[in-house]
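In what follows, a structure is listed as structure tokens, so that the remarks can point back to it.
Read-outs throughout are calculated quantities, based only on the coordinates presented, and are distinct from any laboratory measurement. Treat the numbers as computed from the prediction; the structure is a model and nothing was measured. All Cβ positions, glycine included, derive from the backbone under ideal geometry; neighbour counts span all protein chains shown.
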Ligand code: SF4
């Protein structure tokens with residue numbers, strides 16, 4: 001294998017604080033591919049919740065911090081499509097009236113990859129040696145699928161997991177109703193959308209639902225748990241780390 | 001009012017700050033691609049004609065257009081007569097038919113068919129407008145309007161028929177009344193096979209660039225009709241005959257060998 | 001001006017979600033139209049690329065609106081038509097009422113038109129003693145029921161055939177039936193009377209063509225052709241942005257519009273109207289008037305952030321895919337414009353503060369942009385509207401709203417800016433979460449202001465250690 005550059009982890013805040021196992025799994029997958037991993041531990045949230053709620057000044061502060069911290073990294077990898085979308089697409093917008101910062105934002109954005117995107121598009125690694133003998137269904141998160149155009153990549157990775165049965169759910173690419181603060185502010189609407197997603201998941205008979213964005217998965221898990229459904233929620237990194 | 005209205009727009013567009021209108025807004029010459037489309041139409045081979053015909057046969061079904069193919073005027077006239085005999089009027093009981101005063105429709109000589117005797121066929125009147133000072137008596141217009149309202153079948157031709165979408169292009173001209181294709185319950189359109197185009201793009205390219213078409217322009221009313229009137233407004237269930245014709249019969253007259 | 005009623009977004013949404021009839025109507029609508037439109041885009045002979053090209057056509061038209069509108073007006077006048085310019089909704093209504101009164105109009109038949117809903121034209125005409133009949137079947141149904149449209153293209157989609165049957169029996173005196181063909185026939189009969197006797201026909205304009213000087217209307221029912229052919233007067237009302245420069249551009253956009261609106265290659269009836277009946281023609285109206293309406297559009301035009309919105313052709317494709325619209329239906333938006341397009345256009349036309357929930361009540365999933373035949377970037381504009389709401393913008397007369405939220409985010413900014421503080425915050429939160437009620441290890445009830453999350457959802461509690469802590473410990477262990 002040719003030289004693979006070291007990667008720097010950009011860990012979504014909810015993975016950092018609520019689902020650290022997901023990041024551990026990602027590290028395992030990367031290290032099993034002989035990739036050197038580093039992680040600046042002073043990182044915090046990328047500012048997406050503030051940005052989506054319209055608080056651009058607040059988001060800008062987070063963006064500045066992020067750029068300062070990650071600017072020197074060679075490759076930045078995140079297990080979250082929506083955070084990568086924030087960095088790649090919204091950071092440059094935030095600095096529309098500051099060309100100097102905008103240049104830096106664009107540079108950082110260009111080397112920031114979503115986890116599965118990096119594995120498949122850059123490393124051309126579709127088979128990472130995983131084995132997972134369960135029935136799984138895949139939720140295609142909106143920001144990942146529509147804004148980053150990443151859909152083929154996670155599906156390619158899933159298709160190479162040994163002994164796993166992948167069952168396609170109805171409308172896999174339809175929103176789960178998460179939308180960040182939307183889920184809290186407009187919980188009625190959010191839950192009505194989520195209910196449809198959960199029904200579609202249950203319909204597959206899968207034992208596990210997976211995806212590339214812990215925000216959506218946390219949302220889905222929340223309702224599955226409330227209705228005592230036995231379907232487990234796992235980030236794709238966790239499946240890929242299974243041996 | 002127009003001036004202040006437009007000047008508000010100019011201001012919004014920053015015209016005073018030097019933003020200039022684009023210079024290529026109105027095309028004055030066909031693009032290379034459009035030239036190809038034009039030659040394609042002019043030099044259509046019989047194989048291409050046949051391909052258009054088969055395309056039309058495919059799309060008419062799903063669009064609820066009744067396609068009739070005949071190879072002569074006589075046959076076509078007979079078939080239309082049979083249709084007039086077979087169908088019953090939607091409003092009232094008397095059968096009236098109205099039609100365009102159009103060379104092709106005139107050649108059908110429907111009025112002389114014995115089987116249609118007793119069924120009034122109203123022809124769109126053509127008014128003499130050479131004398132501008134003498135306006136058309138509105139009573140004549142009203143009379144024809146009443147006849148159209150009475151008619152259960154309206155017979156028109158069309159300038160073109162687009163095979164890919166079963167679209168008929170009808171322009172308003174003297175003798176070619178708009179309401180004949182609209183008010184009666186059944187619209188019968190008679191078109192010569194050579195008026196077939198393959199796509200909407202061809203139609204628009206002709207309307208835009210063909211010298212004769214350019215000269216006439218779109219007229220004050222051009223209607224593109226693709227299928228009978230339909231609605232899905234009640235529970236998305238498709239129903240034909242919302243306001244316009246419930247049925248559309250398209251007669252294509254092939255070239256006589 | 002016709003008002004909006006967008007302040008009750010949440011309450012109306014709540015009601016809509018609890019209405020099983022509406023829910024099944026919305027599911028069926030989205031199940032049919034959404035995927036069908038998507039499939040059609042794949043059949044474009046020019047490929048999906050045409051959508052980007054058509055967007056450019058629209059954008060170019062908007063960027064040259066001054067030239068195009070003047071050209072259109074000149075050409076229509078040369079065909080014998082009359083052109084009026086209306087800066088505001090009130091002006092537009094006044095012009096239309098004046099034309100009607102001058103010509104002793106007592107009855108009007110109308111084709112479906114969004115801009116006339118926006119400006120409240122029917123109310124204006126009725127106040128002048130003129131009877132107005134909506135003739136699009138869906139619009140007719142809701143006019144009889146005294147309701148607002150719930151969908152741009154399928155306005156009565158929220159009503160069941162049984163409800164329509166009862167409505168017709170009550171208002172038209174027809175025998176009760178729930179058979180859609182029979183109901184359609186009942187309406188056909190009632191409306192035929194209106195068409196044949198009306199003094200004036202009113203239509204909108206889907207897309208005018210400047211170089212030829214025509215407005216274009218599209219319908220499947222044929223009602224617009226009836227309304228614009230049979231009465232002696234035809235008045236068309238168009239939003240000033242509904243125009244393109246030339247025929248070739250218009251052709252591409254009309255096809256895409258038909259795909260977006262009704263999953264068709266081309267609308268059943270596409271009519272070009274350039275003026276009144278020409279001399280020697282046996283029918284058609286004696287007068288043709290075109291009213292071009294601004295009503296807030298020039299303000300959108302002036303703002304680079306929102307100018308893209310003027311490219312919209314109101315096809316409704318974004319409604320047929322939007323997960324939020326799919327649950328709350330059109331009435332929740334409290335405006336003639338609902339769904340994703342309404343969420344952007346209503347605040348811009350009627351006031352951002354007044355329609356603040358419309359800007360914020362979406363999940364930003366991006367499906368609308370993907371479904372839009374012109375790929376209009378609605379999510380981008382929703383985000384821009386939110387920033388105006390959160391931070392205020394005098395140029396749009398927006399007062400910063402949501403002060404409490406702003407304050408929370410400021411605190412958050414402070415904590416988020418420093419990892420030590422961040423760790424401290426989470427350490428406290430981890431302790432605090434212990435007092436929350438749980439279900440199998442998941443939090444069942446979150447405190448205000450996060451309580452919305454847990455009305456039908458649980459929440460995974462914070463982990464004992466953050467990943468960063470674990471990573472640090474691991475690194476130290478390695479040493
Ligand atoms: S935003 Fe796009 S999809 Fe929605 S109505 Fe406008 S043109 Fe149609």
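Some points to look at:
- Length released on extending from residue A:121 to residue A:4, taking residue separation times 0.36 nm less the Cα-Cα span: 40.8 nm
- When Rg and the Kirkwood radius Rh are both evaluated on Cα atoms of segment C:49-180, their ratio Rg/Rh stands at 1.07.
- Rounded tilt (10° steps) of B:2-12 against the dominant C-alpha axis of chain B: 60 degrees
- Considering all different alpha carbon pairs of segment A:127-240, the Kirkwood hydrodynamic radius works out to 14.1 Å.
- Relative compactness, segment C:363-412, computed as alpha-carbon Rg over 2.2 N^0.38 Å: 1.43
- The ratio of the alpha-carbon radius of gyration of chain B to the globular-protein estimate 2.2 N^0.38 Å is 1.20.
- Taking the inverse of the mean 1/r over every pair of distinct Cα atoms in segment A:7-121 gives a Kirkwood hydrodynamic radius of 14.2 Å.
- Most tightly packed first, judged by the mean number of other beta-carbon atoms within 10 Å of their residues, the peptides A:201-209, C:41-49, C:337-345, A:10-18 read C:337-345, A:10-18, A:201-209, C:41-49.
- Label zone of residue B:27 (point 7 Å out along Cα→Cβ, amide N under 14 Å): in segment C:29-66 this covers C:53-54, C:57-58.
- Cα-Cα P(r), segment C:152-211, percent of pairs per 5 Å interval: 4, 14, 19, 18, 17, 14, 7, 4, 2, 1, 0
- Taking the average, over residues, of other Cβ atoms within 10 Å as the packing measure, peptides C:461-468, B:2-9 rank C:461-468, B:2-9 from highest down.
- Residue C:52 paired with residue C:450, simple spin-label distance in nm, labels 7 Å along Cα-to-beta-carbon: 4.2 nm
- By average C-beta atoms within 10 angstrom, highest first, the peptides B:34-47, C:145-158, B:139-152: C:145-158, B:139-152, B:34-47
- Debye intensity ratio I(q)/I(0), log10, segment C:324-389, q values 0.11, 0.14 Å⁻¹ (C-alpha model): -0.21, -0.34
- Zone of residue B:73's modelled label, taken as backbone nitrogen in segment B:213-257 under 19 Å from a point 7 Å along Cα→Cβ: B:251-257
- The mean number of partner chain beta-carbon atoms within 10 angstrom of a residue's beta-carbon across peptide C:364-375 is 4.
- Rounded to whole Å, the principal axis extents of the Cα atoms in the protein assembly as shown read 107, 60, 58, largest first.
- Taking label positions 7 Å along the Cα-Cβ direction at both residue C:438 and residue A:166, the computed distance is 3.5 nm, reported to one decimal.
- Pairwise Cα distances in segment C:284-427 exceed 23 Å in 45 percent of cases.
- Span per principal axis, largest first, for the Cα atoms of chain A (Å): 52, 49, 27
- Shielding value for C:245-255 is 5, the average number of Cβ atoms from other chains within 10 Å of each residue's Cβ.
- Segment B:69-136 versus segment A:216-239: alpha-carbon centroid distance in Å: 70 Å
- At R0 = 60 Å, FRET efficiency that the Cβ-Cβ distance of residue B:146 and residue B:15 yields, to 0.05: 0.70
- FRET efficiency estimate (nearest 0.05) - Cβ-Cβ, residue C:163 to residue B:93, R0 25 angstrom: 0.15
- Sorting the Cα pairs of segment C:403-478 by distance into bins of 10 Å, from 0 upward, gives 16, 37, 36, 10, 1 percent per bin.
- Theoretical ellipticity at 222 nm over chain B - DSSP helices of four or more residues, -39500 (n - 2.57) apiece, nearest 500: -10000 deg cm²/dmol
- Here the scattering of chain C is modelled by Debye summation over its C-alpha atoms, one equal scatterer each and no solvent; at q = 0.07, 0.09, 0.11 Å⁻¹ the log10 of I(q)/I(0) is -0.43, -0.67, -0.94.
- Computed over Cα pairs, the Kirkwood radius of segment C:177-283 leads via Stokes-Einstein (1.002 mPa s, 20 °C) to a diffusion coefficient of 141 µm² per second.
- Annotation: extensible slack from residue C:475 through residue C:411 equals 19.9 nm (criterion: 0.36 nm per residue apart, minus Cα-Cα distance).
- Projecting label points 7 angstrom from Cα along Cα→Cβ for residue C:32 and residue A:230 puts them 4.0 nm apart.
- Diffusion constant of segment A:152-217 at 37 °C, which comes from Stokes-Einstein with the Kirkwood Cα-pair radius and 0.692 mPa s, µm²/s: 251 µm²/s
- Cβ-derived FRET efficiency at R0 41 Å, residue C:74 paired with residue C:128, nearest 0.05: 0.85
- Expected 222 nm ellipticity per residue - DSSP helices of 4 or more, -39500 (n - 2.57), all of chain A, to 500: -12500 deg cm²/dmol
- Beta bridges assigned by DSSP with both partners in the protein assembly as shown are antiparallel in approximately 25 percent of cases.
- Per-residue average of Cβ from other chains inside 10 Å of C:381-388: 4
- Mean residue ellipticity (222 nm) of chain C, computed from DSSP H runs ≥ 4 via -39,500 (n - 2.57), nearest 500: -15000 deg cm²/dmol
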